[in-house]
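S.K.: Sending over a structure as C-alpha cells; questions will come in a sec.
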C-alpha cells in the first residue's frame, strides 16, 4: 500500500482470502481514519443540537457545524458560506434545485437542457419538474468518444431555455465536459446553469466563481467523507429568490396560523434538525484532501488512469467506452461475448471490487449500444501495482469466461 492507503482502515481487509483492491471510488470512496475519528469524537464528546439552545454543547455543535460550511465554501471557492446548502447528497441537491427553481421560474413551454450521458440523478428530477410545469427537456448529443457536440448545444439554446444541467465529469464515461464554456454559452442565451460535480469534486480543483456556475452540487461520500451529506452551492441572490423545498423547524423566521416567513439562505433550505455529524465528517474529509493537495490527488489519479488505459487497450475483444481526450479517473469497458456481471463476479473472487451494470446512466448505455458495462475507478489510495494486478486478473478472467 502507498502512504495514503494506510490512512484507510477498510483497505487493510482481505476479501475471499485476497488483499482488497478497491476500484469503485466513482460509486463511493473509502474513509480515512481522520474522518471516522471526527464523527466518533463529535458523538462521544460534543454532541448537541444546533441553532436552538444556549447551553454549551449546543453552542459547540453550532460552531462546528458552521465551520464545516465554511470549509465547503472554501473547497469550491464560493463567495460566502451562506451560498452552501447542506443536503443528503448530489441527488438531494439536484432535486432541491429542480423543485425550487422550477416553482420560481419555469412556465409552460419553457425548456431545460441536459446531456445524453447524464446520471439518472441529473435526468429524472428535471423530467419530473418538466412534467409538473409543462416544460420541455432538450438533450445535447455526444459523439462516439463521449464528447458533447457543442454545435448542437448552441442550436438548442434559445429564449425558451431557462436552465442547463450537465455533469462536470461523466460518471459512465469519465468525460470532462468544458463546463466553463457551456456556462458562458448558456448565460449568453439568458439561461441559468447547474453543474453536477459528483465526479469532479474528488479529483479536480473547483472554483465556482471562475466557472460562473449558478448552481454546483457534490456529495460527501465521494470525497472520502460520510454518506448522507452533500452540498448545493447557489449564487446567493438566486437562492434568495427561490422558495424553500421543505417546511419545518429551523428554516422559519416567524410562524403564525395566518402566515409563515422564512430564514435567509442557507437555513431556508435546511428544514428540521440538520445533518450535524455528517457535516462535521464532510469538513474532516475536506481537511484530509487539503492536507494532501487536490493537485497531488488529481495527478496521481490521472497517472493511474493512463496506466489502466494502456493495459486494457492491449486486451483482445475489450473495448473502452468513452475515449474523450480529457477524462476523469474512470474507465468503463465491455468485452465481446462476456457479460459484465460475470466479469465483476470473477474479479470479486480475486479481491478486486469494480462496478458492473448500467451505472445509473441507462440513456448513456443506449447511446453506445450496450445494456451494461464494467467500470473501474481510481482514488488517492490506489497504486500502480494494483492497476497491474487488476489488468492481470482481468485477462485471466476473460480467458476463463471466453472458454466456457
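The values are calculated or read from the model by the stated rules, or taken from the named source; none is laboratory data. Bear in mind that the values here come from a model prediction, so they are computed numbers and not experimental data. Here the Cβ is made from the backbone with ideal geometry for all residues, glycine too, and neighbour counts use every protein chain on show.
S.K.: Which of the residues that make up segment 44-75 are within 20 Å of residue 268 (Cβ to Cβ) and touching a helix residue (DSSP H, G or I) at 6+ places or on another chain (Cβ under 8 Å)?
M.R.: Residues satisfying the conditions are 49, 50, 51, 52, 65, 66, 68, 69, 70, 72, 73.
S.K.: Select from segment 356-393 the residues that are over 23 Å from the mean Cα position of the chain (by Cα) and more than 22 Å from residue 10 (Cβ to Cβ) and list them in ascending order.
M.R.: Within segment 356-393, 369, 370, 391, 392 qualify.
S.K.: Moving on to the next point. Please find, among 67, 111, 77, 83, the residue that is closer than 24 Å to residue 125 by Cβ, assigned by TED's automatic domain parsing to the domain that holds residue 124 and surrounded by fewer than 23 Cβ atoms within 10 Å (Cβ to Cβ).
M.R.: Exactly one of 67, 111, 77, 83 is closer than 24 Å to residue 125 by Cβ, assigned by TED's automatic domain parsing to the domain that holds residue 124 and surrounded by fewer than 23 Cβ atoms within 10 Å (Cβ to Cβ), namely 111.
S.K.: Further, regarding this structure: Being surrounded by fewer than 17 Cβ atoms within 10 Å (Cβ to Cβ) and without any contact (Cβ under 8 Å) to a residue 12 or more places away in the chain is the requirement here; does residue 56 meet it?
M.R.: Spelling it out, residue 56 is indeed surrounded by fewer than 17 Cβ atoms within 10 Å (Cβ to Cβ) and without any contact (Cβ under 8 Å) to a residue 12 or more places away in the chain.
S.K.: In this structure, does residue 339 turn out to be assigned by TED's automatic domain parsing to the domain that holds residue 14 and under 22 Å from residue 148 (Cα atoms)?
M.R.: no
S.K.: Further question on the same structure: Looking only at residues that are free of Cβ contacts under 8 Å to residues at least 40 places away in the same chain and within 29 Å of residue 202 (Cβ to Cβ) in segment 252-289, which one is surrounded by the most Cβ atoms within 10 Å (Cβ to Cβ)?
M.R.: 268
S.K.: Out of segment 98-122, which residues are assigned to a helix (DSSP H, G or I) and under 28 Å from residue 357 (Cα atoms)?
M.R.: 98, 120, 121, 122
S.K.: Could I ask something else about it? Name the residue that is farthest from residue 222 (Cα to Cα), counting only residues in segment 332-349 that are buried (at least 19 other Cβ atoms within 10 Å of the Cβ) and in contact with a helix residue (DSSP H, G or I) (Cβ under 8 Å, 6 or more places away or on another chain).
M.R.: Checked segment 332-349; the qualifying residue farthest from residue 222 (Cα to Cα) is 338.
S.K.: Also: Have a look at 361, 376, 329, 324 and point out the one that is surrounded by fewer than 22 Cβ atoms within 10 Å (Cβ to Cβ) and either outside the structural domain of residue 178 (by TED's automatic domain parsing) or free of Cβ contacts under 8 Å to residues at least 24 places away in the same chain (or both).
M.R.: When all the criteria are applied, what remains is 324.
S.K.: Separate question: Checking the conditions here, which among 221, 300 is crowded, with 20+ Cβ neighbours inside 10 Å and in contact with a strand residue (DSSP E or B) (Cβ under 9 Å, 6 or more places away or on another chain)?
M.R.: So the residue among 221, 300 that is crowded, with 20+ Cβ neighbours inside 10 Å and in contact with a strand residue (DSSP E or B) (Cβ under 9 Å, 6 or more places away or on another chain) is 221.
S.K.: Let me ask you something else. Between a residue in segment 30-46 that is at negative phi and at pLDDT below 95 and any residue that is loosely packed, with under 15 Cβ neighbours inside 10 Å and part of a helix (DSSP H, G or I), which pairs come within a Cβ distance under 7 Å, given they are 6 or more apart or on different chains?
M.R.: Final answer for the pair search is 46/57.
S.K.: Right, another one. Report, by residue number, each residue of segment 169-199 that is without any contact (Cβ under 8 Å) to a residue 40 or more places away in the chain, in contact with a strand residue (DSSP E or B) (Cβ under 8 Å, 6 or more places away or on another chain) and under 17 Å from residue 233 (Cα atoms).
M.R.: 179, 183, 193, 195
S.K.: For segment 379-395, what are the residues that are part of a loop (DSSP other than H, G, I, E, B) and crowded, with 24+ Cβ neighbours inside 10 Å?
M.R.: Within segment 379-395, 379, 380, 382 meet the criteria.
S.K.: While we're here: State whether the residues of segment 188-197 include one that is crowded, with 24+ Cβ neighbours inside 10 Å, over 13 Å from the mean Cα position of the chain (by Cα) and not in a helix (DSSP H, G or I).
M.R.: Checked segment 188-197: no residue is crowded, with 24+ Cβ neighbours inside 10 Å, over 13 Å from the mean Cα position of the chain (by Cα) and not in a helix (DSSP H, G or I).
S.K.: Hey, another quick one. How about segment 245-279: which of its residues are farther than 26 Å from residue 221 by Cα, in contact with a strand residue (DSSP E or B) (Cβ under 6 Å, 6 or more places away or on another chain) and assigned to a loop (DSSP other than H, G, I, E, B)?
M.R.: Of everything in segment 245-279, just one residue is farther than 26 Å from residue 221 by Cα, in contact with a strand residue (DSSP E or B) (Cβ under 6 Å, 6 or more places away or on another chain) and assigned to a loop (DSSP other than H, G, I, E, B), namely 263.
S.K.: Among (1) out of contact with any helix residue (DSSP H, G or I) (no Cβ under 6 Å at 6 or more places or on another chain); (2) buried (at least 23 other Cβ atoms within 10 Å of the Cβ), where does residue 216 come up short?
M.R.: Result: residue 216 fails condition (1) only.
S.K.: Turning to a different aspect of this structure: Looking only at residues in segment 17-30 that are assigned to a loop (DSSP other than H, G, I, E, B) and in contact with a helix residue (DSSP H, G or I) (Cβ under 7 Å, 6 or more places away or on another chain), which one is nearest to residue 387 (Cα to Cα)?
M.R.: The qualifying residue nearest to residue 387 (Cα to Cα) is 23.
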